[in-house]
Amino acid sequence: MEASNPFGKQYKAIFHAGRPLSDLFQQSTPAGTELSFAQNILEILYPHTPQAPFICSTASSQPNDSPFSSREMRKVIRELNKTKAPGYDGLYNIILQQIHSASPKLLLKMFNKCLSLGLFPTFFKTGVILLFYKEGKDQNDPKSYRPNSLLPPVGKLLEKLMTQRLTYFLKKTRQVSPKQFGFKEGVSIDHALDSLLTTIDRHKRNKMHVAIVSFDIKGAFDNLKYSSIVEKLSNKQRPQNIQSLFRNLLKDSSVIIPSSEGVAQQQQTRVLQ
């Protein structure tokens, strides 16, 4: 989530246009507390869906990857967006940059300990949920609000280091499809459209018929199975410590909504956005 001011309304508001938390369930739970309302919101928007059990980790034929380097750390620190709102810890990216500037090895040492243990701390994957109203929808229906999670920036730093390593390995071993345009650095929808139009033009010049099949997956992120991701990661050709860290990242995450009466929390089985 970006804003010109990280202390702006994106961080301060739970509902678009300042709608108070208790308004949402005024019809269904008129006697509830603010904390119970928040818990109801999480249970409706983030219902617990059974996931297939994680497969046993396949022993990698590759040695462990080397520890994260100072160069890698400088790169991800330099690329931090200063306008990003913080997560539950209240740490802003600019604070992390100052910490790194004052003690360059502090964060690096912590992240390398995570890598060696194969442990992505639970706190790093706890998202604060902000809800934004979808225009024209029933304002008393929780599903009329788009949830957005604010994750701790320190966890995002570790994710970036992990992703850089995995991306490098996949490119080095030629496991990235040239036809993939999403979630891939350096390409965008423009490249996908150019590839499509080029293919259409080539076939038309050869006087051939062209058919296009397009489909949209509703709630693609919401229904993505962690076990499927883990299965793909559990490839013998990937470094064992990177595998372990990604596996742990996908376990025991949660979402929360702070209220004046406490914190509502729900275990997460979806990919946080």
note = In whole Hz, the Karplus estimates of ³J(HN,Hα) for the range 127-135 (6.51, -1.76, 1.60; θ = phi - 60°; x where Gly or Pro) are x, 7, 8, 10, 10, 10, 5, 8, 3
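For a test of the definition: using alpha carbon positions, the gyration tensor, and the 1.5 limit on a/c, classify the range 125-273 as rounded, prolate or oblate. Before the final figure, lay out the partial values.
Values: a/c = 2.70, a/b = 1.34, b/c = 2.01.
In terms of gyration-tensor shape, oblate.
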task = Convert each backbone phi in the range 173-183 into a coupling constant with the Karplus relation 6.51 cos²θ - 1.76 cosθ + 1.60 (shift: θ = phi - 60°), then list the ³J(HN,Hα) values in order as whole Hz, x for Gly and Pro.
result = 9, 6, 9, 9, 5, x, 8, 8, 10, x, 6
ask   = Based on the alpha-carbon gyration tensor of the range 54-152 and its eigenvalue square roots a ≥ b ≥ c, which shape applies: rounded if a/c is under 1.5, prolate if not and a/b is larger than b/c, or oblate?
value = oblate
task = Step through the residues of the range 63-74 one at a time and calculate ³J(HN,Hα) from phi using the Karplus curve (6.51 cos²θ - 1.76 cosθ + 1.60, θ = phi - 60°), rounding each to whole Hz and writing x for Gly and Pro.
result = x, 4, 5, 5, x, 4, 9, 4, 5, 4, 5, 4
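Relative contact order (percent) for the range 53-176, with alpha-carbon contacts under 8 angstrom and 6 or more residues of separation? Could the numbers behind the result be given before it?
Numbers: 107 pairs, mean separation 33.7, N = 124.
About 27 percent, as a whole number.
Could you rank the peptides 73-86, 122-135 by their average count of other C-beta atoms within 10 Å per residue, with the highest value first? Intermediate values should be presented prior to the final figure.
Numbers: 73-86: 15.8, 122-135: 18.1.
The peptides rank, most packed first, as 122-135, 73-86.
Tally Lys and Arg at +1 and Asp and Glu at -1 over the other residues with C-beta under 12 Å from the C-beta of K137: what net charge comes out?
Values: positive: K134, K143, R146; negative: E135, D138, D141.
So the environment of K137 carries a net charge of 0.
Hey, any idea what Rg/Rh is for the range 111-164, computing Rh the Kirkwood way over Cα pairs?
Values: Rg = 16.3 Å, Rh = 13.3 Å.
On the Cα set of the range 111-164, Rg over Rh gives 1.22.
What's the local net charge at V176, with K and R +1, D and E -1, over the other residues with C-beta under 11 Å away? List each step's numbers first, then the result.
On the way: positive: K171, K172, R174, K179, K184; negative: E185.
Overall, the nearby charge balance is +4.
None of the figures in this text is laboratory data; all of them are computed from the coordinates on show. These numbers come from a predicted model, not from an experiment. Here Cβ is always computed from backbone atoms with ideal geometry, including for glycine, and neighbour counts include all displayed protein chains.
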